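Each remark here refers to the structure printed beneath this line.
Nothing in this text is a laboratory measurement; each read-out follows from the coordinates by a stated rule. What you see is a predicted model; the values in this text were computed from it and never measured. Note that we place each Cβ from the backbone using ideal geometry, even for glycine, and neighbour counts take in every protein chain shown.
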Amino acid sequence: MARLAYHPTPATRRLGSFTLTSAKRWAGSLGVWGVGVGTAAVLFLSVTPKVKNGILLKLPVIGSHYEDTTPASDKPF
């Protein structure tokens, strides 16, 4: 029969209930979800002027895609 031994983690190696080992285990999954949520947020907010002018126009490769080339006579306001 196997013995069950309790080896507590020292308080200096944990933050609440998270240890360094559990943080390493969750880092990849949380990184993937973070990139997905960030991409979705930029996609959904790309029509707002603040996101378009502040973030998307400053991107080096795809910034020219978001430039407004509509003539002033065709804009309603």
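Quick look at the values:
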quantity: Size of electric dipole in the chain: Cβ of Lys, Arg +1 and of Asp, Glu -1, about Cα centre, debye, nearest 20; calculated: 660 debye
quantity: Mean ellipticity per residue at 222 nm, deg cm²/dmol - from DSSP H runs of n ≥ 4 across the chain, formula -39500 (n - 2.57); calculated: -13500 deg cm²/dmol
quantity: FRET efficiency for Leu20 and Ile55, using Cβ-Cβ distance with R0 set to 35 Å, rounded to 0.05; calculated: 0.55
quantity: With Cα atoms, 0 to 90° folded angle of helix 20-44 axis to the chain main axis; calculated: 20 degrees
quantity: Inter-site label distance for Thr69 and Leu45 at 7 Å from Cα along Cβ, in nm; calculated: 2.7 nm
